[in-house]
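Asks: One structure follows; several queries about it will come next.
The values are calculated or read from the model by the stated rules, or taken from the named source; none is laboratory data. Everything numeric in this text was worked out from a predicted model, so none of it was measured. Cβ placement follows ideal geometry from the backbone for every residue including glycine, while neighbour counts extend to all protein chains displayed.
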Amino acid sequence: MLFNFYMPTRLISGEGCIKANMSFFPKGGRCFIVTGKKSAVFSGALDDVTFVFDKLGIKYKIFDRIVENPPVSVCHEGGVLCRAFGADFVMGIGGGSPIDAAKAIAAYAANPGIAPMDIYGDGLLPSLPIFAVPTTAGTGSEANQYSVLTIDETNQKRTFTSPHSYPKVAFFDCRYTASLSEDGTLSTALDAFSHCFESFMSPRSNAMMEQLAAAGGRIIWNVLSGGIFANLPAQTREKLLYASCLGGIVIGMTGTGFPHPLGYPLTLEKGVAHGFACAAFCGEYIAYNQKCEAGRARIESFCNALGASPKEVGDRITMLSRNKIRFDKQEINKYAESVMKAKNLANSPYIINYEEIKEIYSRLFG
Ligand code: NAP
Ligand code: ZN
């Protein structure tokens, strides 16, 4: 059996896990903390982190300017400030946006003088050590090396990656996801489901990753089938956090499939949350992959692991994406062209072409 598996992040879970595992932080030194506007505070995660830092004598500076779909320019600015602060390590607290931004900031700080776009160099950029605390159960960014940033000039997403950008330690405390709205819970769960599904389908997957992807997908599918996304009990939120971590690990090795790049224009141009944007293409992803033998077999195995038919999976996930947006003809052409540049477009058994992308956009949003 062939496998190749690399995941250097220590994963620590449980309520109160940050305070209970202080020994994994440096004793002393300086930390640049990267957050969004509010969630790090009202989830309670920032309080736990600063409590521990005060105990350990770690000096810190909080950079709370990360918005959704973080722009390269803000991360570059953060990197310069992080360097000026003399940080020894970086802590990202929040959803995928602050954690992705923390990775970029840690890379800019470790490579002073590089221009914003130089982060996309050889894919080997050194980095300051990164610690991560997720407050959403969606991206799995805390368990992989990706940092999805928005290019300011083109308003397009591009992923920065380096083997040095895996967080050193990630802390999973499901109390921090309790403050998510119903939409926030659902959208991030759909994102994590998409990671598991798209990784399972990837030609780069292998037996070991398939098991993780199927396990994550099954957990999320069971929650999604329950149809309730508000005030979820801690036990359910803990399961979602675990499954999103599995999704993060597997895409770290296989990458995602075409629902991700197809969804980027929905997010950047129409304000659709990332998870809803990916889920909108689930039915199409199944239908196109069923056009080839390898795709049909992969879909069959994944859906068997969920205990559902491909039709049930496609219908439910697409329905949960709550798609209401519209594209005009010009937008369809423009967004299809931008999607053609995405590397992960080819990371599925069936590879869609330009005409098919337009067809999908027209059918769903035309
Ligand atoms: P997000 O963009 O980090 O946050 C979305 C919204 O949710 C923000 O308003 C945020 O508030 C809020 N929020 C976060 N945690 C909350 C909590 N516990 N309670 C209440 N509100 C909370 O959301 P995300 O879906 O986790 O991340 C999406 C980003 O990750 C996208 O840029 C996507 O491209 C990227 N991504 C990365 C990977 C990867 O592997 N690295 C994979 C998939 C997606 P604040 O602004 O106050 O924080
Ligand atoms: Zn995603």
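Asks: Could you check the range 133-164 and list, in sequence order, the residues that are part of a strand (DSSP E or B) and among the polar types (S, T, N, Q)?
Replies: S147, T150, Q156, T159, T161
Residue by residue, here is whether (1) out of contact with any His (no Cβ under 7 Å at 6 or more places or on another chain); (2) aliphatic (A, V, I, L, M); (3) surrounded by fewer than 15 Cβ atoms within 10 Å (Cβ to Cβ); (4) under 26 Å from A178 (Cα atoms) holds:
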position: V34; (1), (2), (3), (4): yes, yes, no, yes
position: S39; (1), (2), (3), (4): yes, no, no, yes
position: I66; (1), (2), (3), (4): yes, yes, no, yes
position: P71; (1), (2), (3), (4): yes, no, no, no
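Asks: I'd like to check which helices (runs of 4 or more DSSP H) are fully inside the range 274-324 and have at least 3 residues that are touching a helix residue (DSSP H, G or I) at 6+ places or on another chain (Cβ under 6 Å) and closer than 23 Å to S362 by Cβ.
Replies: Answer list for the range 274-324: 274-279, 282-289, 310-320.
Asks: If L246 passes every condition in (1) over 24 Å from L180 (Cα atoms); (2) in a helix (DSSP H, G or I); (3) within 14 Å of ligand 2 (Cβ to nearest atom) but one, which one does it miss?
Replies: (1)
Asks: Ok, one more. Kindly check whether there is at least one residue in the range 168-186 that is over 30 Å from I228 (Cβ atoms), assigned to a loop (DSSP other than H, G, I, E, B) and not aromatic (F, W, Y).
Replies: Yes: the range 168-186 contains one or more residues that are over 30 Å from I228 (Cβ atoms), assigned to a loop (DSSP other than H, G, I, E, B) and not aromatic (F, W, Y).
Asks: Among the residues in the range 260-267, are any at pLDDT 95 or above, crowded, with 22+ Cβ neighbours inside 10 Å, in a helix (DSSP H, G or I) and touching a strand residue (DSSP E or B) at 6+ places or on another chain (Cβ under 7 Å)?
Replies: So far as the range 260-267 goes, yes, one or more of its residues are at pLDDT 95 or above, crowded, with 22+ Cβ neighbours inside 10 Å, in a helix (DSSP H, G or I) and touching a strand residue (DSSP E or B) at 6+ places or on another chain (Cβ under 7 Å).
Okay, residues lined up against (1) within 16 Å of ligand 1 (Cβ to nearest atom); (2) more than 30 Å from R10 (Cα to Cα):
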residue	(1), (2)
M253	yes, no
F258	yes, no
E284	no, yes
E293	no, yes
F302	no, no
T318	no, yes
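Asks: Residue under question is T185, and the condition is that it be crowded, with 24+ Cβ neighbours inside 10 Å and either within 18 Å of the chain's Cα centre (by Cα) or of a type in the set (D, E, K, R) (or both); does it hold?
Replies: So T185 passes the test.
Asks: Mind checking which residues of the range 118-138 are surrounded by fewer than 19 Cβ atoms within 10 Å (Cβ to Cβ) and either hydroxyl-bearing (S, T, Y) or free of Cβ contacts under 8 Å to residues at least 12 places away in the same chain (or both)?
Replies: Hits for the range 118-138 are D118, Y120, G121, D122.
Asks: Kindly establish whether L190 is within 17 Å of the chain's Cα centre (by Cα), in a helix (DSSP H, G or I) and more than 21 Å from Y146 (Cβ to Cβ).
Replies: Criteria not met by L190.
Asks: Residues that are buried (at least 23 other Cβ atoms within 10 Å of the Cβ), modelled with pLDDT of 95 or more and within 16 Å of M201 (Cβ to Cβ): does the range 229-245 have at least one?
Replies: No: zero hits.
Asks: Condition (residue is within 16 Å of ligand 1 (Cβ to nearest atom), closer than 27 Å to F172 by Cα and without any contact (Cβ under 8 Å) to a residue 40 or more places away in the chain) applied to the range 74-90: is it met by at least one residue?
Replies: yes
Asks: Go through (1) more than 13 Å from ligand 2 (Cβ to nearest atom); (2) outside any helix (DSSP H, G or I); (3) surrounded by 22 or more Cβ atoms within 10 Å (Cβ to Cβ) one by one and return the number of the condition T256 breaks.
Replies: Failed condition: (1).
Asks: Within the range 226-243, is there a residue that is assigned to a loop (DSSP other than H, G, I, E, B), within 14 Å of ligand 1 (Cβ to nearest atom), of a type outside the set (A, V, I, L, M, F, W, C) and free of Cβ contacts under 8 Å to residues at least 24 places away in the same chain?
Replies: yes
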